[in-house]
Amino acid sequence: MTTDPTSETLAELGATSPEAVREKFAVLQARFDADIARRGSDADEQPALAAEWTGRKAGALTRIAEHWLRPAPAELKRVVGQEFQKLKAHVESVLEQKRAELDARAEAASAALDRIDLSLPGVERRVGTRHLVRQTFDELIGIFLSIGFSVVEGPEIETPYYNFEALGIPEHHPARDNMDTFYIDGSRGNHLLRTHTSPMQIRTMEKQPPPVRIVVPGKVYRRDNPDATHGYMFHQIEGLAVDTDITFCDFKGTVEYFVREFLGPKARTRLRPSYFPFTEPSAEVDASCHVCGGSGCRICKFSGWIELFGAGMVNPAVYGFVNYDAEKLSGFAFGMGVDRLAMMKHGITELPLLFGNDVRFLRQFP
Ligand code: DAH
């Protein structure tokens, strides 16, 4: 016995009375209903199911028309025809309904995907920040821009003339010792990495007549042994003001203004005698400790003062190198370590942190 009754005729199936015919159709419909119940709501199964029942060539309906309806004897033709039409209508309408259900489900699913939930939190994209050294540069330069200085920049590869000679540091001058130098073309060659930004004093005065009021930000290089506070590259800002009537008072006033802008209105300034070949007199500029206010703490090593930078009145000998009239002109200069100032202000004790590019560190200075 075959399991597919539609491949045999009704006569072969023994259905020779109208009741028997109706029963055969009822069995088929029950089979279809069971099929639909099992697979009709599955979007992957449903097309196959529909093909099995309504497929033009091999679908069950086609086979019924062929094996049950066409060969039916005249006295059963009517009832087979009616039953066939009933079954066909049932199958087609149920399939149509299932298809509609599936379409509606798919549409609802894609609508849910498309819907934008405005109450969801957004995706946070981290925005980068300026590097702390850059920030400090900008802050320091901004203070001088606000009092009429302008910014110039110069080469990092210098000649001994600009880096040393014209600044009053001839060969064998002891000041060359504490600026251990990277020479580019052999030791004591004709090119070196500048050890400070001071050469730009000379280059600027060579190029332009007085008055001069400039700051020079840039990288400088020294053959230091790297440690917590030294590296072979660091950043400086040079300052130079030259005019016909600049006095020590202007120098001191400018420095005090700078210190208050940088460290706050309560910061006090102290000038300590010092020595640089290109300034006379020379001074170290100290500020009252921004942490303890001057009473003494670990940051200022209990002295109440913090050393900020070197400065002084331009040594008249320097004017001789740039054809400035030393009789008529006077001025002051300063050179500050930007990294040092950044560390001091933010309580950073390790210079390598500034150059390590560790974002966990950098993000602390948004
Ligand atoms: N060039 C010096 C250095 O790198 C810093 C300095 C001191 C610059 C005094 C100046 C100055 O212009 O007047 O150590």
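Structure data summary
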quantity	calculated
All positions within region 180-216 that are touching a residue at least 60 places away in the same chain (Cβ under 8 Å) and within 13 Å of the ligand (Cβ to nearest atom)	His196, Thr197, Ser198, Gln201, Ile202, Met205, Val212, Ile214, Val215, Val216
Single condition Lys219 does not satisfy, out of (1) under 23 Å from Thr136 (Cα atoms); (2) part of a helix (DSSP H, G or I); (3) among the basic types (Lys, Arg)	(2)
Hits in region 291-346 (condition: hydroxyl-bearing (Ser, Thr, Tyr) and not in a strand (DSSP E or B))	Ser295, Ser303, Tyr319, Tyr324
Any hit, region 275-291, residues being polar (S, T, N, Q) and open to solvent by 80 Å² or more (accessible area, probe 1.4 Å)	no
Residues located in region 342-361, provided they are over 30 Å from Phe276 (Cα atoms) and open to solvent by less than 30 Å² (accessible area, probe 1.4 Å)	Phe361
Residue match in region 313-323 (condition: over 16 Å from Arg134 (Cβ atoms), of a type outside the set (S, T, N, Q) and in contact with a His (Cβ under 7 Å, 6 or more places away or on another chain))	no
Residue satisfying condition, being modelled with pLDDT of 95 or more, under 20 Å from Gly142 (Cβ atoms) and among the β-branched types (Val, Ile, Thr), within set Thr247, Thr279, Thr269	Thr269
Which listed residue is closer than 23 Å to Ala317 by Cα and open to solvent by less than 40 Å² (accessible area, probe 1.4 Å), from Gly142, Gly154, Gly189	Gly154
Total residues in region 13-55, condition outside any helix (DSSP H, G or I), touching a Lys or Arg at 6+ places or on another chain (Cβ under 8 Å) and closer than 26 Å to Glu107 by Cβ	4
Test result for Thr204, hydroxyl-bearing (Ser, Thr, Tyr), modelled with pLDDT of 95 or more and in contact with a Leu (Cβ under 7 Å, 6 or more places away or on another chain)	yes
Residue within region 327-341 that is exposed (fewer than 14 other Cβ atoms within 10 Å of the Cβ) and under 27 Å from Asp250 (Cβ atoms) present	yes
Qualifying positions in region 1-44 - of a type in the set (Asp, Glu) and either surrounded by fewer than 15 Cβ atoms within 10 Å (Cβ to Cβ) or in contact (Cβ under 8 Å) with a residue 24 or more places away in the chain (or both)	Asp4, Glu8, Glu12, Glu19, Glu23, Asp33, Asp42, Asp44
Exclusive hit being farther than 30 Å from Ile157 by Cβ and within 11 Å of the ligand (Cβ to nearest atom), set Pro277, Pro273, Pro281	Pro281
Identity of the residue in region 216-232, more than 9 Å from Thr195 (Cα to Cα) and of a type in the set (A, V, I, L, M), that ends up modelled with the lowest pLDDT	Ala228
Region 318-353: number of residues that are within 13 Å of the ligand (Cβ to nearest atom) and either within 17 Å of Val242 (Cα to Cα) or over 35 Å from the mean Cα position of the chain (by Cα) (or both)	6
Residue pairs meeting the criteria (Cβ under 8 Å; at least 6 apart or on separate chains; first in contact (Cβ under 8 Å) with a residue 24 or more places away in the chain and assigned to a loop (DSSP other than H, G, I, E, B), in region 233-248; second away from the ligand (no atom under 13 Å from the Cβ) and open to solvent by 40 Å² or more (accessible area, probe 1.4 Å))	Thr244/Pro210; Thr244/Pro211; Thr244/Lys328
Scope region 79-94; condition in contact (Cβ under 8 Å) with a residue 40 or more places away in the chain and either over 15 Å from Pro18 (Cα atoms) or open to solvent by 30 Å² or more (accessible area, probe 1.4 Å) (or both); matching residues	Lys86, Leu87, His90, Val91, Val94
Conditions (1) open to solvent by less than 30 Å² (accessible area, probe 1.4 Å); (2) within 16 Å of the ligand (Cβ to nearest atom); (3) farther than 26 Å from Pro316 by Cα; number of the one not met by Val255	(3)
Among residues of region 145-166, those that are more than 30 Å from the chain's Cα centre (by Cα), assigned to a loop (DSSP other than H, G, I, E, B) and within 18 Å of Pro211 (Cβ to Cβ), counted	4
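The values are calculated or read from the model by the stated rules, or taken from the named source; none is laboratory data. Treat the numbers as computed from the prediction; the structure is a model and nothing was measured. Ideal geometry is used to build each Cβ from the backbone, glycine not excepted, and the neighbour counts take in all protein chains shown. Ligands, DNA and RNA are stripped out before the accessible areas are found, and what is left, the full protein with its side chains, is counted by its heavy atoms. Shrake-Rupley method; radii C 1.70, N 1.55, O 1.52, S 1.80 Å.
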